[in-house]
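Here's the structure, in structure tokens; my notes come after.
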Amino acid sequence: MPNDDAIERMYERAIERLEAAGLRQYEISNFSRPGFESKHNLRYWQRRPYLGVGLDASSALGAAAFRASDVERKESHGMLRATTTDDLKAYLAGTGAVETTWLAPARQHEEAWFLGLRMNAGVNVAAIEREFGRAMVEPAMETVKQLVKDGLVTFDGERVRLTARGRLISNEVFQEFLIAEKARTAS
């Protein structure tokens, strides 16, 4: 296994070569010619509803997809994730359980940050404030200020984006937002 420095050099070189070939990086690990970005993956990263069908398929459905009798549940949670079994025999027999999880607003907020930051377009702060409210977003913005100082993200007053260095250690950057969210919910 190459050491961290070698991995960093290989990643940077791959980005250079792919961009020279006309393949623009639009997400941490995805490149394409303009207009040919993965529509399925964009729905996931942009937190838009998607339906997965088949073995080991995942879906995310917004509250609007549910009956009026589910109003109380959907208003308090807003998004349902579902995954079918990865066991082929159980799937074909119709006996494989579908795992479901309602995502609470705090979890959706976390995902808005780390999924948005995966994209080179970054996170639109005004959109997140409209969706979650300023009180929920303020601790994350404190994290943004520190990450800007550390050279891991940029903030132009509208969007927060990972820097090239931030993309290299993105999992550590995302962890900072999870820590901020836990601190917010603990207080």
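The values are calculated or read from the model by the stated rules, or taken from the named source; none is laboratory data. All values derive from a computational prediction rather than experimental measurement. Glycine also receives a Cβ, built like all others from the backbone with ideal geometry; neighbour counts cover every protein chain displayed.
Look at region 122-139 and say how many of its residues are within 24 Å of Tyr26 (Cβ to Cβ), touching a Lys or Arg at 6+ places or on another chain (Cβ under 8 Å) and in a helix (DSSP H, G or I).
Residues flagged as within 24 Å of Tyr26 (Cβ to Cβ), touching a Lys or Arg at 6+ places or on another chain (Cβ under 8 Å) and in a helix (DSSP H, G or I) within region 122-139 amount to 1.
Does Ala82 count as surrounded by 14 or more Cβ atoms within 10 Å (Cβ to Cβ), within 27 Å of Met136 (Cβ to Cβ) and at pLDDT below 85? Give the derivation first.
Details: surrounded by 14 or more Cβ atoms within 10 Å (Cβ to Cβ): yes; within 27 Å of Met136 (Cβ to Cβ): yes; at pLDDT below 85: no.
Spelling it out, it is not the case that Ala82 is surrounded by 14 or more Cβ atoms within 10 Å (Cβ to Cβ), within 27 Å of Met136 (Cβ to Cβ) and at pLDDT below 85.
Given (1) modelled with pLDDT under 95; (2) in a loop (DSSP other than H, G, I, E, B); (3) not polar (S, T, N, Q), where does Gly22 come up short, assuming only one miss?
In the conditions (1) modelled with pLDDT under 95; (2) in a loop (DSSP other than H, G, I, E, B); (3) not polar (S, T, N, Q), Gly22 misses (1) alone.
How many residues are in contact (Cβ under 8 Å) with a residue 24 or more places away in the chain, surrounded by 15 or more Cβ atoms within 10 Å (Cβ to Cβ) and hydrophobic (A, V, I, L, M, F, W, C) if we restrict to region 122-143?
6
If Gly52 satisfies every condition in (1) in a loop (DSSP other than H, G, I, E, B); (2) within 25 Å of Val153 (Cβ to Cβ); (3) touching a strand residue (DSSP E or B) at 6+ places or on another chain (Cβ under 6 Å); (4) not aliphatic (A, V, I, L, M) but one, which is the exception?
Result: Gly52 passes all but (2).
Can you find a residue that is among the aromatic types (Phe, Trp, Tyr) and loosely packed, with under 15 Cβ neighbours inside 10 Å anywhere in region 17-37?
Yes, some residue in region 17-37 is among the aromatic types (Phe, Trp, Tyr) and loosely packed, with under 15 Cβ neighbours inside 10 Å.
If I go through region 85-126 residue by residue, how many of them are on the phi > 0 side of the Ramachandran plot and within 23 Å of the chain's Cα centre (by Cα)?
Quick first cut of region 85-126, residues on the phi > 0 side of the Ramachandran plot only: 94, 122.
Filter once more, so that each one left must be within 23 Å of the chain's Cα centre (by Cα): 122.
The total comes to 1.
Which residue out of Gly35, Gly52, Gly22 is among the small types (Gly, Ala, Ser) and touching a residue at least 24 places away in the same chain (Cβ under 8 Å)?
Numbers: Gly35 fails: touching a residue at least 24 places away in the same chain (Cβ under 8 Å); Gly22 fails: touching a residue at least 24 places away in the same chain (Cβ under 8 Å).
Answer to the selection: Gly52.
Report whether or not Glu142 is within 30 Å of Pro34 (Cα to Cα) and at pLDDT 90 or above. Let's see the steps before the verdict.
Numbers: within 30 Å of Pro34 (Cα to Cα): no; at pLDDT 90 or above: yes.
Spelling it out, it is not the case that Glu142 is within 30 Å of Pro34 (Cα to Cα) and at pLDDT 90 or above.
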